[in-house]
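In what follows, a structure is listed as structure tokens, so that the remarks can point back to it.
Where a number appears in this text, it was derived from the coordinates with a stated rule and is not lab data. Because the structure is a prediction, the values reported are computed rather than measured. Positions of Cβ are backbone-derived with ideal geometry, glycine not excepted, and every protein chain shown enters the neighbour counts.
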Amino acid sequence: MNPIILPGGVHAVLLLHGLQSSPAELQPLAKRLNQAGYTVHVPHLRGYGFTPGDTPRSVTHWQDWHAQALNEFHSLKQKHETVAIGGLCIGAVLSLSIAVELGTQVSALCLLATTLWYDGWSIPWYRFFRYVGYYSPFRYYYSYREREPFGLKNQQLRKWVAREMSHKDSSIVGASKLNLPAIQEAERMINQVKKYLVRITAPAIIIHADEDDVASPRNARFVAENIGSSMVEMVLLHNSYHMITVDNDREQVAADTIRFFNRVYAD
């Protein structure tokens with residue numbers, strides 16, 4: 001799972017992929033940001049992202065995810081005037097975690113399909129039983145298999161992902177299965193981030209689909225209402241599900257992100 005590294009101008013953007021996924025899901029946004037003049041890095045985080053051959057025991061603690069992302073940020077900051085952070089799904093939560101720690105060092109945030117609750121319309125009713133699995137040996141044997149619509153409203157792309165998932169361990173939208181240790185660590189990070197949203201000062205754009213099948217718009221509203229930033233913009237999309245960086249509204253996601261970042265640097 002190769003990182004995406006796109007050299008550009010003095011303003012850099014660190015993009016963080018979703019849980020047990022890869023940089024590929026952020027490639028369309030990364031390319032558009034780079035075309036607009038930004039340096040863009042999309043790392044693959046070990047123990048957080050998907051790697052062929054991983055098992056549930058390969059998952060590391062969320063603090064390790066945070067440390068890896070923090071190192072990526074500092075590496076960029078050494079060479080660029082500013083560094084903004086963006087992330088998709090749990091990657092957005094990880095972005096918030098970094099912003100809590102670094103304060104004004106983070107120049108801007110792009111929060112995409114932020115997931116603080118798994119409360120979207122496609123999440124099965126038995127999701128609550130995961131809490132039982134967290135604290136038993138069962139946690140290393142059960143995985144939640146991704147299923148249609150795979151976070152995609154675009155039917156053609158959905159069919160392609162379904163074919164990929166049928167004979168591969170992953171696709172552009174991430175791993176074919178999510179294991180319980182990964183979900184548990186993500187929820188531990190979520191609980192920490194919720195407590196300290198008010199400490200975040202970076203300007204933030206929050207982009208979310210009103211039909212998000214994994215995390216309802218409640219997630220975006222919670223961030224908008226509780227983040228400490230003085231510059232906050234919220235955008236609701238109307239033609240996508242959860243995977244907004246590759247779904248029907250991907251061009252709007254890129255355009256709004258670029259517009260917001262340009263506004264931050266123009267002020």
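Counting other Cβ atoms within 10 Å as a rough exposure proxy, the listed residues Ser216, Ser21 run Ser216, Ser21 from fewest neighbours to most.
If R0 equals 41 Å, the separation of the Cβ atoms of Tyr196 and Ala162 corresponds to a calculated FRET efficiency of about 0.60. Net length available on complete extension from Glu101 to Gln35 is 20.8 nm, with 0.36 nm assigned per residue and the Cα-Cα distance removed. Excluding same-chain neighbours fewer than eight residues apart, the aspartates and glutamates reachable from Lys31 by a Cα-Cα span under 18 Å are Asp247, Asp249, Glu251, Asp256.
Treating r as the C-beta distance of Asp64 and Gln252 and R0 as 35 Å, the FRET efficiency rounds to 0.55.
Note on the stretch 180-201 and the stretch 216-253: Cα centroid distance 18 Å, given to the nearest whole angstrom. For Arg259 and Arg46, a Förster radius of 30 Å and the Cβ-Cβ distance give a FRET efficiency of 0.35, rounded to the nearest 0.05. Annotation note: trypsin sites (Lys or Arg not before Pro) in the stretch 1-92 located in DSSP loop regions with a Cβ neighbour count of at most 16 within 10 Å are Arg46, Lys79. In straight-distance terms, cross-link reach from Lys159 covers every one of the aspartates and glutamates whose alpha-carbon lies under 12 Å from its own, apart from those fewer than eight places away in the same chain; here that gives Glu148.
The aspartates and glutamates within cross-link reach of Lys194, meaning a Cα-to-Cα straight distance under 12 Å and a gap of 8 or more places when in the same chain, are Glu225.
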